[in-house]
Amino acid sequence: MSRRKRARAAWALFPFHREDEKVELRNTTFIVTGASMGIGRALALELAGVGVNLVLNARHETPLKEAAHLCQAAGVRVEYQVGDAASAATCREATEKAARIGKFYGLVHAAGVVRPGPFLWELSEEHFHEIMAANILAAYQLIRSALPLLMEQGRGMVVFFGSGAAELTIPGIGAYCAAKAAEEHLARQLAVEAPSTTTFVYRPGMVETRLHEEAREVRQGGAAESLRSQFKSYQERGLLISPREAASALVRIMQDNPRRFHGRVCSWTDAP
């Protein structure tokens, strides 16, 4: 039997993602990128709290290891994979670890890079590639490594972190806006090509993270002053939510009829 026929047969046996159905996450296994800090770390802790086994990924080992230990304290199995999610090897090894843990159910790509301040023509080639790699290339590598296994099982969930920036033109973070637009389109494309895997974009809103802090403190680049003023106003007006609030909302969406967002964008305000 071909891989496609096996996937269809499995989908018939395991209709986990009907429009009206909740998803039991306990004892499943997820890969979470960007898990060493910010929303990614908060999400890892929230998932561990509802019984999800985890493979955590980030580029820096010390904070990633700390996050893994905190998640293990919740009584779940946790592995971590140090490395750039834009690397095929990193994603392949993370997927293999998830498969060994068992009941591999999906992934959340929470990693991202902004590099705020410069206008597009001022942005270095190195930083442009870094932004694209962290957001869109990493998403592609995760799809390459994880989707064949999820499709064979005929079930699963893939969540990409989006941003309202995907629809905006904000001087000083132009490459990030473009990267998020591409990442969100990639999610819609995946939803069509792999319909048995529930795929959606999660926009966490304005969250008090390192990315917002960088934008508030930026000094370099032609757009630095306007960007600094804009992001400081978000903080002063009390518009920022905490990483835990953003992560908790996503977990509730993942549990409560996530299929309704298949191929679509949702935000923290959509959480039940």
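No value in this document is a laboratory result; all are computed from the given coordinates. This one's a predicted model, so the numbers in the text were calculated from it and none came from an experiment. As a convention, Cβ positions derive from the backbone with ideal geometry for all residues, glycine included, and neighbour counts pool all protein chains shown.
Using a 10 angstrom cutoff on alpha carbons, build the Gaussian network for the chain and name the most mobile of Asn57, Asn135, Asn257.
Result for the chain, Cα springs under 10 Å: Asn257 fluctuates most.
What FRET efficiency comes out for the pair Arg252/Ala89, r = Cβ-Cβ distance, R0 = 30 Å, nearest 0.05?
Taking R0 as 30 Å, the efficiency between Arg252 and Ala89 is 0.35.
Taking springs between alpha-carbon atoms closer than 10 angstrom, which of Thr28, Thr169, Thr199 fluctuates most in the Gaussian network model of the chain?
Thr169
Among all the aspartates and glutamates, which ones have a C-alpha under 18 Å from Lys22's C-alpha, if same-chain residues fewer than 8 places away are not counted?
Glu46, Asp256, Asp270
Based on the Cα atoms of segment 174-272, what semi-axes does the equivalent ellipsoid have, where each is the square root of 5 times one gyration tensor eigenvalue, given in whole Å with the largest first?
Equivalent-ellipsoid dimensions as semi-axes: 30, 18, 8 Å.
Starting from the Cα of Lys65, draw a straight line to each of the lysines and keep only those under 22 Å, dropping any in the same chain fewer than 8 residues away.
Candidates past the 8-residue exclusion: Lys97.
Put a dot 7 Å past each Cα toward the Cβ at Glu24 and Glu126; how far apart are the dots in nm?
A separation of 5.1 nm, rounded to one decimal place.
Mind listing P(r) for the chain? All alpha-carbon pairs, 5 Å bins, whole percents.
Pair shares across the bins are 1, 6, 13, 18, 20, 17, 12, 7, 4, 2, 1, 0, 0.
What does the extension gain come out to for Lys103 and Glu225, with contour length at 0.36 nm per residue minus their alpha carbon separation?
Extra length from Lys103 to Glu225 when fully extended: 39.1 nm.
Hey, in the GNM for the chain with a 10 angstrom Cα cutoff, which one of Gly164, Gly172, Gly40 fluctuates hardest?
Answer for the Gaussian network model of the chain: Gly164.
Using only the Cα atoms of segment 21-125, what do you get for the radius of gyration and for Dmax, in Å?
14.9, 49
Under the Karplus relation 6.51 cos²θ - 1.76 cosθ + 1.60, θ = phi - 60°, what is the ordered set of whole-Hz ³J(HN,Hα) values for segment 66-83, x standing for Gly and Pro?
4, 4, 4, 5, 5, 5, 4, 4, 7, x, 10, 7, 9, 10, 9, 10, 7, x
What value, in deg cm²/dmol to 500, does the helix sum -39500 (n - 2.57) over DSSP H runs of n ≥ 4 give at 222 nm once divided by the residues of the chain?
Here the helix-only value at 222 nm equals -14500 deg cm²/dmol.
In whole Hz, with x marking every Gly and Pro, tabulate ³J(HN,Hα) for segment 29-43 from phi via Karplus 6.51 cos²θ - 1.76 cosθ + 1.60, θ = phi - 60°.
10, 10, 8, 10, 8, x, 8, 8, 7, x, 5, x, 5, 4, 5
What is the Å³ per residue value for the convex hull set by the Cα atoms of segment 148-230?
Roughly 104 Å³ of hull volume per residue.
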